[in-house]
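Engineer: Sharing a structure, written as structure tokens. Questions coming.
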């Protein structure tokens, strides 16, 4: 694409150098530059792209988008803009031919449930006969391929490239997790969404957002700014958890035609009758003009809400109820979301991604009705992230578990013992007694500290008996630990299966 054509799609403050020539690629990582590249110098939270302009030019970049005056050799074009990040999204949309306009695009946002809802929507789309793409925390998948996900929501340039690839591969329907980071950093601003789903809001990411209002504001702009300016024509354009206080507020503050979902009679999409068991969830769901019965192997009340979100969105997209029920029934597991790893006649062992106090509360609440003996919870908190949730998670675990083993998560650059100490502050002595690891299994209501996560998981399984439930929380699908700045392999699911196999002489799959 010619640079003049691209410049016609963006506002810019000034230019320096020739305004002619072919743009071979657009990148924001100087290492990816080739002759003819346009390099976007974006100021990030850790690195500033302006510091890599010289490197980009050395590697062949001919065009530079930046926010500051810079010196450049003859033949290199400097385009100064007010906001490089916002401009990058506009450039990506133009360069890749506005791909979001050529498929059905559904965005899912909220603190918890995004991943599960995308898996449910993907299965419903497939049952309905659509070629489907998914962008989310676990991975990106489309065209029969699975790609690693460096971010829950790709950077704007990557997002438009991926959507372009999807269109070329024949994808007709895409569902994407839309994170608060992505909304604050304008990654999805240039996409046309058919529908937005809001799952819930609770404390998270307050290392990035200043407070809960700031966090909510990032989510809200998806429904009050981005979806309203989409060119897609839909009768219903947002599906919102009406039982969530933030969701109710969102409906009041957005003019977009919407449905709410929940278990109250006032909701547009609601479960009128349901039953929850260790085998799964059954529900009779009423929606405008439709009534359907669904069964899902997924466990717990919070997954009923995820199912309601998917049902509401699918009906809004005019998918037949039979296909919706078929798609929901096909989803047997979500990687790292209350994922069972035990065999028959072993303690129930689940791995879950819950890494906030609200998520931990919801997961434990889903398991408690099925507890025959003890509930043993193993968890830690990530380093270099919101410190305020650490004692809150300790409190939730202690008040709802019989035994708690506090361990490391991804400590990153923090001291793991200091993180654990902050978690322990939330555990009241009136609720749980602290004991040594060697005797933790002998007490009915106690906690211990085992910083080594592998040893913590092993201890939980060693002390668990048939009928007990072991919850290993915090990392879910992740197959690594970040210690310092090093990422090492670690998968809770694999470790738990190894411990089960060691104890029972089986358990590996």
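The values are calculated or read from the model by the stated rules, or taken from the named source; none is laboratory data. Computed from a prediction, not measured in an experiment: that's the story for all the values here. Cβ: placed from backbone, ideal geometry, glycine included. Neighbour counts: every protein chain shown.
Engineer: For region 163-192, enumerate the residues that are assigned to a helix (DSSP H, G or I), more than 18 Å from residue 141 (Cβ to Cβ) and either touching a strand residue (DSSP E or B) at 6+ places or on another chain (Cβ under 6 Å) or in contact (Cβ under 8 Å) with a residue 60 or more places away in the chain (or both).
Structural biologist: 180, 183
Engineer: Taking helices (runs of 4 or more DSSP H) that do not extend beyond region 1-111, which have at least 1 residues that are touching a residue at least 40 places away in the same chain (Cβ under 8 Å) and more than 34 Å from the chain's Cα centre (by Cα)?
Structural biologist: It comes to 3-7.
Engineer: Would you confirm whether or not region 471-481 contains a residue that is over 24 Å from residue 333 (Cα atoms) and surrounded by fewer than 22 Cβ atoms within 10 Å (Cβ to Cβ)?
Structural biologist: no
Engineer: Is it the case that region 317-324 has a residue that's in a helix (DSSP H, G or I) and surrounded by 20 or more Cβ atoms within 10 Å (Cβ to Cβ)?
Structural biologist: First, the residues of region 317-324 that are in a helix (DSSP H, G or I): 321-324.
Narrowing further to those that are surrounded by 20 or more Cβ atoms within 10 Å (Cβ to Cβ): 324.
Within region 317-324, one or more residues are in a helix (DSSP H, G or I) and surrounded by 20 or more Cβ atoms within 10 Å (Cβ to Cβ).
Engineer: Right, something else. Please verify whether residue 246 is touching a residue at least 12 places away in the same chain (Cβ under 8 Å) and in contact with a strand residue (DSSP E or B) (Cβ under 6 Å, 6 or more places away or on another chain), treating the condition exactly as stated.
Structural biologist: Details: touching a residue at least 12 places away in the same chain (Cβ under 8 Å): yes; in contact with a strand residue (DSSP E or B) (Cβ under 6 Å, 6 or more places away or on another chain): no.
No.
Engineer: Can we say residue 378 is outside any helix (DSSP H, G or I), closer than 14 Å to residue 472 by Cα and touching a residue at least 60 places away in the same chain (Cβ under 8 Å)? Let's see the steps before the verdict.
Structural biologist: Working: outside any helix (DSSP H, G or I): yes; closer than 14 Å to residue 472 by Cα: yes; touching a residue at least 60 places away in the same chain (Cβ under 8 Å): yes.
It is true that residue 378 is outside any helix (DSSP H, G or I), closer than 14 Å to residue 472 by Cα and touching a residue at least 60 places away in the same chain (Cβ under 8 Å).
Engineer: Given the conditions (1) over 18 Å from the mean Cα position of the chain (by Cα); (2) in a loop (DSSP other than H, G, I, E, B); (3) buried (at least 18 other Cβ atoms within 10 Å of the Cβ), which single one is not true for residue 160?
Structural biologist: For residue 160, the failing item is (2).
Engineer: Identify, by number, the condition in (1) in a loop (DSSP other than H, G, I, E, B); (2) over 19 Å from residue 347 (Cα atoms); (3) in contact (Cβ under 8 Å) with a residue 40 or more places away in the chain that residue 429 doesn't meet.
Structural biologist: (3)
Engineer: Please enumerate the residues belonging to region 314-371 that are free of Cβ contacts under 8 Å to residues at least 40 places away in the same chain and out of contact with any helix residue (DSSP H, G or I) (no Cβ under 6 Å at 6 or more places or on another chain).
Structural biologist: Start the filter on region 314-371 by keeping residues that are free of Cβ contacts under 8 Å to residues at least 40 places away in the same chain, which leaves 318, 321-322, 325, 329, 332-333, 340, 344, 361, 368.
Within region 314-371, 318, 321, 322, 325, 329, 332, 333, 340, 344, 368 qualify.
Engineer: Please indicate, with yes or no, whether at least one residue in region 228-237 is in the same structural domain as residue 290 (by TED's automatic domain parsing), crowded, with 21+ Cβ neighbours inside 10 Å and either more than 14 Å from residue 183 (Cβ to Cβ) or in contact (Cβ under 8 Å) with a residue 12 or more places away in the chain (or both).
Structural biologist: First pass over region 228-237, keeping only residues in the same structural domain as residue 290 (by TED's automatic domain parsing): 228-237.
Subset that is crowded, with 21+ Cβ neighbours inside 10 Å: 237.
Remaining after also requiring either more than 14 Å from residue 183 (Cβ to Cβ) or in contact (Cβ under 8 Å) with a residue 12 or more places away in the chain (or both): 237.
So far as region 228-237 goes, yes, one or more of its residues are in the same structural domain as residue 290 (by TED's automatic domain parsing), crowded, with 21+ Cβ neighbours inside 10 Å and either more than 14 Å from residue 183 (Cβ to Cβ) or in contact (Cβ under 8 Å) with a residue 12 or more places away in the chain (or both).
Engineer: So which residues in region 243-266 are in a loop (DSSP other than H, G, I, E, B) and within 18 Å of residue 304 (Cα to Cα), if there are any at all? Please lay out each step first, then the result.
Structural biologist: Step one: of region 243-266, the residues in a loop (DSSP other than H, G, I, E, B) are 243-244, 254-257, 263-266.
The answer is 243, 244, 263, 264, 265, 266.
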